[in-house]
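K.L.:
Take a look at the following structure, please.
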Amino acid sequence: DEEFDELCFEFGLELDEITSEKDIISKEKGEEKAKGASDVVLYKIDVPANRYDLLCLEGLVRGLQVFKERINVPRYEKIVPAEGEGQKLIITEQTVQIRPHAVAAVLRNITFTKGRYESFIDLQEKLHQNICRKRALVAIGTHDLDTISGPFTYTAKAPSEIKFKPLNQSQEYTASQIMDLYRNDSHLRHYLPLIENKPRYPVIYDSNGVVLSMPPIINGDHTKISLNTRNVFIECTGTDITKAKIVLDIIVTMFSEYCEKPFTVEAVEVVYPNGKTHIYPELAYRKEKVKPEVINKKIGISETPSSLAKLLTRMCLKSHVIGNGNHLEVEIPPTRADIIHACDIIEDAAIAYGYNNIQMVIPKTYTIANQLPLNKLSELLRLDLAAAGFTEALTFALCSQEDIADKLGVDMSTTNAVRIANPKTAEFQVARTTLLPGLLKTIAANRKMPLPLKLFEISDIVVKDPNTDVGARNYRHLCAIYYNKSPGFEIIHGLLDRIMQVLEVPPNEENGYTIKATEGSAFFPGRCAEVFAKGQSIGKLGVLHPDVITKFELTMPCSALEINIEPFV
């Protein structure tokens with residue numbers, strides 16, 4: 001197990017855990033339910049989302065074998081049958097509005113076993129969830145070719161005109177009945193909305209009118225694959241032709257291994273509504289040129305061109321040195337749709353070299369990182385506020401309009417708040433312009449805690465500002481709140497004095513701080529003061545108005561302080 005874990009890591013994968021069906025069920029549902037489940041060891045392996053070729057056992061094993069240099073990279077071949085002998089898939093123009101694209105291929109003389117068959121189905125499911133975006137972009141259908149006869153027609157018809165026996169069902173249904181049948185099916189119900197409201201549903205027929213499938217919902221029962229199936233017809237329909245080609249390439253390259261002539265695929269001719277034809281699968285190989293020094297420089301290693309070529313070949317990218325060692329010619333196989341740019345090739349070279357083998361060096365540029373002064377000040381203040389007996393809270397940066405306006409007795413138009421264009425919930429409509437509502441909501445959620453409650457928060461608030469490039473500006477505010485049977489104005493006032501003491505701001509008008517009586521809509525009349533420092537107003541402190549307290553579902557008096565700390569940086 002440890003060796004395999006190590007191998008996965010070297011190959012750029014992660015062995016997530018070693019488990020069994022029994023373990024999984026007992027973890028999720030308890031020991032009782034797990035009785036009788038299988039004890040067979042299962043490896044859970046994390047595969048990067050772009051590596052579709054590693055999503056099944058066949059591809060994973062093949063990739064690891066090539067990586068370990070036990071086998072050579074297989075060469076995938078498509079065999080184009082003689083004129084008139086191959087299969088045809090004819091696309092009619094009715095499909096244009098719904099799922100316009102279709103591609104197909106045939107796997108000849110394949111031998112299935114139980115394990116291979118399960119892997120074959122499982123790969124389709126994984127592709128459906130991943131690159132096919134839950135079948136929205138591509139849907140895969142696989143059929144027993146010996147039960148049907150071509151040419152095949154991909155068309156779209158009214159739901160009432162489509163009638164067939166769906167996979168694993170005992171009778172025929174129309175398309176509309178099939179929709180109702182699967183509406184409560186835990187697996188298939190998620191795909192129904194893809195075509196449900198369309199006037200026509202896509203469907204594939206053979207030359208005798210047998211339904212192969214109604215993509216993207218279900219295959220017909222007539223063509224279902226069993227362990228005795230020898231020839232498989234694969235069709236992929238979709239709204240994205242590129243993805244459909246990739247999906248078809250992945251399926252045929254993975255399972256052509258089990259054909260009588262391994263790694264060969266029989267091509268199918270697809271006829272478009274305009275009469276043009278195209279042979280699929282494309283199984284396109286392409287060559288890219290990369291400079292060895294670029295690879296070395298980007299990764300930070302110094303390998304010879306020939307050893308870089310060897311590293312890339314181990315990653316299924318067959319490479320050799322050309323032109324006096326100035327270039328590597330890299331052949332990208334049809335299994336590697338994730339290689340789009342030279343940097344993808346460089347990444348593979350780095351994986352094969354081993355991230356742990358790259359020497360760590362100090363960067364050539366002399367940049368010593370430093371904490372942002374505002375953040376440093378915030379950190380220091382947090383320590384002192386905590387030392388003063390206050391507990392730090394972290395509240396959401398978004399809140400509802402009531403929180404910052406109605407509940408604080410302020411008109412929404414005067415708040416200058418940034419609104420969310422399409423809020424998902426009423427709780428998150430605007431960016432906060434004050435920290436006070438967040439702390440009051442925190443107290444409301446913690447009313448069962450013993451009194452007094454002393455909370456503080458140092459975070460950003462957001463207000464509109466037409467003079468900035470983004471139209472808004474952040475200010476770092478400090479807010480503290482004291483909630484008890486008596487208002488405790490003196491405690492909040494004392495906290496302000498302590499804050500100024502640690503900031504070394506003296507209590508005088510010239511170059512220090514002062515407080516002056518004022519009125520604020522959120523505060524009790526005659527119990528509110530404005531704080532001035534560095535020649536400007538930096539905030540307010542005072543006893544909160546009973547209306548504000550009740551609007552936040554609180555029952556005790558409460559005093560608060562909120563100041564902007566940016567002038568002190």
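The values are calculated or read from the model by the stated rules, or taken from the named source; none is laboratory data. Keep in mind it's a predicted model, so treat the numbers as computed, not measured. Quick reminder, even Gly has a Cβ in these numbers, built from the backbone with ideal geometry, and neighbours come from all protein chains shown. Ligands, DNA and RNA are excluded from the accessible area calculation, which covers all protein heavy atoms including side chains. Shrake-Rupley method; radii C 1.70, N 1.55, O 1.52, S 1.80 Å.
K.L.:
Within the stretch 389-429, which residues are of a type in the set (D, E, K, R) and open to solvent by less than 60 Å² (accessible area, probe 1.4 Å)?
P.N.:
Scanning the stretch 389-429 gives Asp403, Lys407.
K.L.:
Something else now. For a quick check of your reading of the model, give me the residue pairs whose first member lies in the stretch 91-114 and is closer than 11 Å to Pro202 by Cβ and of a type in the set (Val, Ile, Thr), whose second is open to solvent by 30 Å² or more (accessible area, probe 1.4 Å) and in a helix (DSSP H, G or I), with beta-carbon atoms closer than 9 Å and at least 6 apart or on different chains.
P.N.:
Qualifying pairs under 9 Å: none.
K.L.:
Output the strands (runs of 3 or more DSSP E) that fall wholly within the stretch 87-188 and possess 2 or more residues being in contact with a Lys or Arg (Cβ under 7 Å, 6 or more places away or on another chain), or say none.
P.N.:
Where strands (runs of 3 or more DSSP E) fall fully within the stretch 87-188 and carry at least 2 residues being in contact with a Lys or Arg (Cβ under 7 Å, 6 or more places away or on another chain), they are 138-144, 152-157.
K.L.:
Out of the residues in the stretch 527-547 that are modelled with pLDDT of 90 or more and not in a strand (DSSP E or B), state the one that is surrounded by the fewest Cβ atoms within 10 Å (Cβ to Cβ).
P.N.:
Once the filter is applied, the top-ranked residue is Pro546.
K.L.:
Within the stretch 358-379, is even one residue surrounded by 10 or more Cβ atoms within 10 Å (Cβ to Cβ) and under 30 Å from Leu317 (Cα atoms)?
P.N.:
Yes: one or more hits.
K.L.:
Tell me the residue from Tyr258, Tyr285 that is of a type in the set (Phe, Trp, Tyr) and open to solvent by 40 Å² or more (accessible area, probe 1.4 Å), please.
P.N.:
One residue alone meets the criteria, Tyr285.
K.L.:
How many of the residues making up the stretch 398-450 are of a type in the set (Lys, Arg), touching a residue at least 40 places away in the same chain (Cβ under 8 Å) and over 20 Å from His477 (Cα atoms)?
P.N.:
1
K.L.:
Based on this model, can you work out whether Lys33 counts as touching a helix residue (DSSP H, G or I) at 6+ places or on another chain (Cβ under 8 Å), open to solvent by less than 80 Å² (accessible area, probe 1.4 Å), in a helix (DSSP H, G or I) and farther than 27 Å from Cys316 by Cβ?
P.N.:
no
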